[in-house]
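Participant: I have a structure here, written as structure tokens, and I will follow up with some questions on it.
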Amino acid sequence: MTQTGVFTLNTVESGWLYRLDPRVKLIFAFCWLILCIVMSNVAGLAVLLLSTQVILLTGGLPLKKIGETWKTLAFLILIILIVQPLFSPGSGPVMFQVGTIQISQSGVLLGLSYGLRIAAAAFTALVPVLTTPADRLVLAFQKFGMPYPWAMIFVLAIHALGTIRRLYTTITEAQQTRGWDTSKGNVIKRVKATFPTLIALIVASLRLSDSLSLGLAARGFGIASNASAPRRRTILHDIHMQPVDWYVAAIIVLAFAASIILIVH
Amino acid sequence: MKFDLNNPRTLAITAVMTALVWGLTMVHVAITPAVGYVHLGDIVIYLASFAFGPWVGLIAGGLGTGLADIVSGYASFAPLSLVVHGLQGFVAGWIAYRKPNAGRLALGVIIGGLILVSGYFAGEALIAIYGGPVVAASEVPFNAVQAGFGALGAVVYAAVARAYPRLRQLNQPPQI
């Protein structure tokens, strides 16, 4: 949430990563996610993860945000590290054995590779999302060929999310003054207690959609697609690739190609 | 009703439903003992599918949960959520949108739940990034719990339709 009250995804608003053309960041995310999927080597995956940390830290993402993401991932990775060697011991040398349970080196390495892969993929996806304003991200998608209405869904959803958050706060505060509490009882009781708020939130959101559609219609949305009178859509703040963007894009593609060659051989 | 995103009403309701799914996927009712969480997102996926049709269900379900995964730190699950929840929303809407009676609503949430559980299992088992068949199998009970909570979507749809009678007209062109 910015100071203007408009909900945005990006928490970074300055620095080299913020200034980089969003298309370059999407190319980076695409290449790194492919590498996350095809790479199985623990050292390679560790390098991928390390590269995302360096990029995000030098790009100005607050340590707190990185820490929050690690906190979310930690539980997931821990479970994988425990479950994988236990149930998929592999054929390598046994590290230790308790009764019938064997922990092998290959099982541990497999669990480690899955954990590293998940962390690397999570941080890779955060690079374009947390360092690019939504409107520039949408322009990048459009430049890659995404139809305008699809890009609009993304932008409107981000803005609507901010409004829905405010609605949720207002409704929950109103309910709390009447003694509403979802922190007590088992899961079923808590879900049941959430229902009145949920219905009120949904109805308020539906009313939001009604006024949103009026706003869109009033601004001529859909006219450009009218076959009988086609119009070309204009852009006030367009995005342009600078020389530095081309250099960074070239480095990313070269690193990606080199990694693929290394994986294949 | 033809699905046309150039219609402002269709676009607005699709975007708002996407935002609702996104927001409610991030409301964690309970953390499961394994790697996931029980959330309210599925309830709105069914609501969108039953009230506005399979295409709104597909976009709101897929995009909403995918975006929630990305911003919640579960980014590696975003492509899987996009496909599984998108398909869940599409099929539920395909079953119950035209005739939303109790039988079809129930069938919609049952088939949608099966898609959710089997889709996540297949994705996690077959795609290396998710941990393989062992981790996928350990997730099944928790995805089943999630599918159970999602089934409340049919009840919520009925409640919202009663509280807001214009519900099913929101994505229709205005009558002049």
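Participant: Could you list, in sequence order, all residues of segment A:176-194 that are over 17 Å from A:I164 (Cβ atoms) and either among the polar types (S, T, N, Q) or in a helix (DSSP H, G or I) (or both)?
Facilitator: Applying the first criterion (over 17 Å from A:I164 (Cβ atoms)) to segment A:176-194 yields A:176-193.
If the condition is that a residue be over 17 Å from A:I164 (Cβ atoms) and either among the polar types (S, T, N, Q) or in a helix (DSSP H, G or I) (or both), then A:Q176, A:T177, A:T182, A:S183, A:N186, A:V187, A:I188, A:K189, A:R190, A:V191, A:K192, A:A193 are the ones that fit.
Participant: Could you tell me whether A:L33 is in contact (Cβ under 8 Å) with a residue 60 or more places away in the chain and closer than 12 Å to A:F256 by Cα?
Facilitator: Details: in contact (Cβ under 8 Å) with a residue 60 or more places away in the chain: yes; closer than 12 Å to A:F256 by Cα: yes.
Considered against the rule, which asks whether it is in contact (Cβ under 8 Å) with a residue 60 or more places away in the chain and closer than 12 Å to A:F256 by Cα, A:L33 comes out as yes.
Participant: If we scan segment B:120-140, do we find a residue that is under 17 Å from B:V21 (Cα atoms) and either among the hydrophobic types (A, V, I, L, M, F, W, C) or touching a Phe, Trp or Tyr at 6+ places or on another chain (Cβ under 7 Å) (or both)?
Facilitator: No.
Participant: Moving on to the next point. For A:A160, which of the numbered conditions (1) under 22 Å from B:A159 (Cβ atoms); (2) modelled with pLDDT of 80 or more; (3) not in a helix (DSSP H, G or I) fails to hold?
Facilitator: Result: A:A160 passes all but (3).
Participant: Which one is surrounded by the most Cβ atoms within 10 Å (Cβ to Cβ), of the residues in segment B:27-43 that are more than 9 Å from chain A (Cβ to nearest Cβ) and modelled with pLDDT of 70 or more?
Facilitator: That would be B:D42.
Participant: Right, something else. Select from segment B:1-22 the residues that are under 14 Å from B:S49 (Cβ atoms) and part of a helix (DSSP H, G or I) and list them in ascending order. Outline the logic, then answer.
Facilitator: Going residue by residue through segment B:1-22, those that are under 14 Å from B:S49 (Cβ atoms) are B:1, B:3, B:13-14, B:17-18, B:20-21.
Result: B:I13, B:T14, B:M17, B:T18, B:L20, B:V21.
Participant: Still on this structure, I have one more. Within segment B:71-96, take every residue that is within 18 Å of B:E124 (Cβ to Cβ) and β-branched (V, I, T) and give me the one that is nearest to the other protein chains (Cβ to nearest Cβ). Give the derivation first.
Facilitator: Applying the first criterion (within 18 Å of B:E124 (Cβ to Cβ)) to segment B:71-96 yields B:72-88.
Among the residues that remain, those that are also β-branched (V, I, T) are: B:83-84.
On the way: B:V83: 15, B:V84: 17 Å.
The selected residue is B:V83.
Participant: Which members of segment B:87-127 meet the condition of being under 18 Å from B:F3 (Cα atoms) and free of Cβ contacts under 8 Å to residues at least 24 places away in the same chain?
Facilitator: B:I95, B:R98, B:K99
Participant: Where residues in segment B:97-135 are under 24 Å from A:L126 (Cβ atoms) and out of contact with any Leu (no Cβ under 6 Å at 6 or more places or on another chain), which of them is farthest from the other protein chains (Cβ to nearest Cβ)? Give the steps one after another, and end with the answer.
Facilitator: Quick first cut of segment B:97-135, residues under 24 Å from A:L126 (Cβ atoms) only: B:120, B:123-124, B:127-131, B:135.
Then keep just the ones that are out of contact with any Leu (no Cβ under 6 Å at 6 or more places or on another chain); that gives B:120, B:124, B:127-131, B:135.
Numbers: B:Y120: 14, B:E124: 10, B:I127: 7, B:A128: 7, B:I129: 5, B:Y130: 8, B:G131: 5, B:V135: 6 Å.
Per the criteria, the residue is B:Y120.
Participant: Find all pairs meeting these conditions: Cβ atoms under 7 angstrom apart; at least six residues apart or on different chains; first residue within segment A:94-116 and β-branched (V, I, T); second residue part of a helix (DSSP H, G or I) and loosely packed, with under 15 Cβ neighbours inside 10 Å.
Facilitator: Note: pairs meeting the criteria are A:I101/A:L86.
Participant: Going through A:Q102, A:Q84 one at a time, which residue ends up being more than 30 Å from A:R233 (Cα to Cα) and facing another protein chain (nearest Cβ under 8 Å)? Talk me through it step by step, then tell me what you get.
Facilitator: Numbers: A:Q102 fails: facing another protein chain (nearest Cβ under 8 Å).
Being more than 30 Å from A:R233 (Cα to Cα) and facing another protein chain (nearest Cβ under 8 Å) holds for just one of A:Q102, A:Q84, which is A:Q84.
Participant: Among residues belonging to segment A:115-160 that are more than 7 Å from every other protein chain (Cβ to nearest Cβ), over 23 Å from B:L20 (Cβ atoms) and β-branched (V, I, T), point out the one that is surrounded by the most Cβ atoms within 10 Å (Cβ to Cβ).
Facilitator: So the residue we want is A:T131.
Participant: Still on this model: What residue, among those in segment A:161-187 that are of a type in the set (S, T, Y) and within 13 Å of chain B (Cβ to nearest Cβ), is farthest from A:F221 (Cα to Cα)? Write out each step before concluding.
Facilitator: Pass one, segment A:161-187, residues of a type in the set (S, T, Y): A:163, A:168-170, A:172, A:177, A:182-183.
If we keep only those that are within 13 Å of chain B (Cβ to nearest Cβ) too, we end up with A:163, A:168-169, A:172, A:182-183.
Details: A:T163: 21, A:Y168: 28, A:T169: 31, A:T172: 34, A:T182: 41, A:S183: 44 Å.
Among those that are of a type in the set (S, T, Y) and within 13 Å of chain B (Cβ to nearest Cβ), it is A:S183.
The values are calculated or read from the model by the stated rules, or taken from the named source; none is laboratory data. It should be emphasised that the depicted structure is a prediction, and the values quoted were computed from it without experimental measurement. In this analysis, Cβ positions are derived from the backbone assuming ideal geometry, glycine residues included, and neighbour counts consider all displayed protein chains.
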